[in-house]
Each structure stands twice: as structure tokens, then as C-alpha cells.
Amino acid sequence: MTKVAIWCRHAQDNLIAVGKNIPWHIKSDSEFFLDVVRGCNVVMGRLTYETLPNRTIPDCKIFVLTSDYTYKVSDKANHFAASDVRDFKDFPEDLYIAGGAKVYEAFLSGGAKLLPDIVVDCVYDGDILPNLKGEKIDISACMPILAKKYIKVAENQVDGVTRRMLIRRGEFVDQAVMRKILTLMQN
Ligand SMILES: NC(=O)c1ccc[n+]([C@@H]2O[C@H](COP(=O)([O-])OP(=O)(O)OC[C@H]3O[C@@H](n4cnc5c(N)ncnc54)[C@H](OP(=O)(O)O)[C@@H]3O)[C@@H](O)[C@H]2O)c1
């Protein structure tokens, strides 16, 4: 089944967060993310999960990566703690990979069965919000893999964010998933 990584990174430095914050507020970008993952399975790290409003994304099943075997999710029916990224190798449905940095890295460098079929690479080229506290988190480690293993099949720009759809070089990619993302990119 299809694996899709989706992120919004800053153009100059591949920053995705400063501490618990995404260092820009672009409504259309947040809405685009929610539209892409709507009704789908999403995997993310514990810290990203804990930044979600009410620790949830409506209509999604969320898999929270954590080493804490006693971790309590906010919605036991739809959210699940997971301790090993390798458990997603043969995931039986489409899966959307939603960060943070170590989670993107784990999937992109985890071998053929974890490597996303599609990357929705959103790049923001504006100013970063000032005075945010916390560690700067970037996904520069993923960039050589993107350059080597993916080709761009679509690109557009909305509110200062360039959205690119990349697919794995030389691999069959599910047309229905591609079409869904393309349609949402064009809205
Ligand atoms: N701009 C964007 O597109 C974007 C996307 C996603 C997130 N973000 C932002 O990024 C920030 C959080 O990112 P982050 O990189 O600091 O943290 P994160 O990846 O969301 O969470 C890190 C935690 O996830 C668990 N984890 C990660 N990889 C694991 C693995 N392979 N196996 C088991 N557990 C694993 C660990 O939890 P334990 O400590 O419990 O073991 C780890 O401490 C937030 O500010 C969020 O808003 C931005």
C-alpha cells in the first residue's frame, strides 16, 4: 500500500519546527495538510502528537511512535502507540507520515519497505516567527535521499509555499493517491 510523507520545511535551512512550534502561521498550508490526511492512517512522533489541538486529527487513525510502553493516547478507539517503526513495513493500508524529524528520517532511511512512495514537499520561503523558544528542528538529513531517490511530478505555489509532489524513481506509484494529492494541490 502507499506511503506518503508530508511536511512543510523552510527554504533556506529545512527547518520544520522551533521546539513545540511550527515557526510560521499559514492557514492554507495547515488546511492542505488536513485535507491530504483526511480519513487516513497517520503516523507521527510523540512530540508532534502532543502539539495537535486536543491531541487529535478528526477522522484519522493516528499511530504515535514512542519508546514509552505505558503511553496513554487521547482516543483509545482511533489512536495507537507504536514503539518500532519497522512494524510499518507491511502496513496493509495507505499510511501518511507526518513527522517530526526523526520519524521522517526513520522512514526515508529505513529501506525499500519503509521508504515513502510519495513525498509532499512543501517549502516556505518567508520569514520565520521571531522569539520562539526551543530547539531548532530541521530535516536536512532527508534532503540527499530526496535528491537521489525521487523525481518531481507536480509543483505549484500557494501563499508563499511551494508545494511539490515527488515520487520514487522507477517505482509504480498508486495513481488514485497521486490524483487525490494533485487535486488538493490545485484547489
Ligand atoms: N513543519 C512540519 O511539517 C512539521 C511536521 C511534523 C512536526 N512538526 C513539528 O515538529 C516538532 C516535533 O518534532 P520532533 O522531531 O521534535 O519530535 P517527534 O518526531 O514528533 O517526536 C519525537 C519522539 O517520537 C518518538 N520517536 C521518534 N522516532 C521514533 C522511533 N523510530 N521509534 C520509537 N519512537 C520514536 C520518541 O518518543 P519518546 O520520547 O516517547 O520515546 C521521540 O522522543 C513539533 O513542533 C511539531 O509541530 C513540524
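The values are calculated or read from the model by the stated rules, or taken from the named source; none is laboratory data. Just so you know, these numbers come straight off a predicted model, no measurement behind them. With ideal geometry, Cβ positions are generated from the backbone for all residues, glycine too; neighbour counts draw on all protein chains shown.
Data for the structure
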quantity: Pairs with Cβ under 7 Å, 6+ apart, first in segment 12-35 and without any contact (Cβ under 8 Å) to a residue 40 or more places away in the chain and of a type outside the set (D, E), second surrounded by 19 or more Cβ atoms within 10 Å (Cβ to Cβ) and part of a loop (DSSP other than H, G, I, E, B); calculated: L34/I57
quantity: Sole exception among (1) over 20 Å from Q12 (Cα atoms); (2) more than 17 Å from the chain's Cα centre (by Cα) for G134, by number; calculated: (1)
quantity: Yes/no for E31 being within 11 Å of the ligand (Cβ to nearest atom) and of a type in the set (D, E); calculated: no
quantity: Failed item, numbered, when M178 is tested on (1) exposed (fewer than 15 other Cβ atoms within 10 Å of the Cβ); (2) more than 14 Å from the ligand (Cβ to nearest atom); calculated: (1)
quantity: Residues of segment 50-79 classified as of a type in the set (S, T, Y), within 21 Å of A17 (Cβ to Cβ) and more than 8 Å from the ligand (Cβ to nearest atom), total; calculated: 2
quantity: Residue in segment 78-88 that is in contact (Cβ under 8 Å) with a residue 12 or more places away in the chain, over 26 Å from M178 (Cβ atoms) and in contact with a His (Cβ under 9 Å, 6 or more places away or on another chain) present; calculated: no
quantity: Selection count where residues are of a type outside the set (K, R), touching a Pro at 6+ places or on another chain (Cβ under 9 Å) and more than 12 Å from the ligand (Cβ to nearest atom), scope segment 1-28; calculated: 3
quantity: Matching residues, segment 150-178, being free of Cβ contacts under 8 Å to residues at least 40 places away in the same chain, charged (D, E, K, R) and not in a strand (DSSP E or B); calculated: R169
quantity: From Y104, Y96, Y124, residue being of a type in the set (S, T, Y), in contact (Cβ under 8 Å) with a residue 60 or more places away in the chain and touching a Gly at 6+ places or on another chain (Cβ under 8 Å); calculated: Y124
quantity: Some residue of segment 85-92 being touching a strand residue (DSSP E or B) at 6+ places or on another chain (Cβ under 6 Å) and either at pLDDT 95 or above or hydroxyl-bearing (S, T, Y) (or both); calculated: no
quantity: Close pairs from segment 36-60: first over 14 Å from W7 (Cβ atoms) and at pLDDT below 95, partner of a type in the set (A, V, I, L, M, F, W, C) and surrounded by fewer than 20 Cβ atoms within 10 Å (Cβ to Cβ), Cβ under 7 Å, at least 6 apart; calculated: none
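Results for (1) among the hydroxyl-bearing types (S, T, Y); (2) within 13 Å of the ligand (Cβ to nearest atom); (3) surrounded by 15 or more Cβ atoms within 10 Å (Cβ to Cβ), shown as yes or no for each residue.
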| residue | (1), (2), (3) |
| --- | --- |
| A81 | no, yes, yes |
| E93 | no, no, no |
| V103 | no, yes, yes |
| A112 | no, no, no |
| D121 | no, yes, yes |
| Y124 | yes, yes, yes |
| K136 | no, yes, no |
| C142 | no, yes, yes |
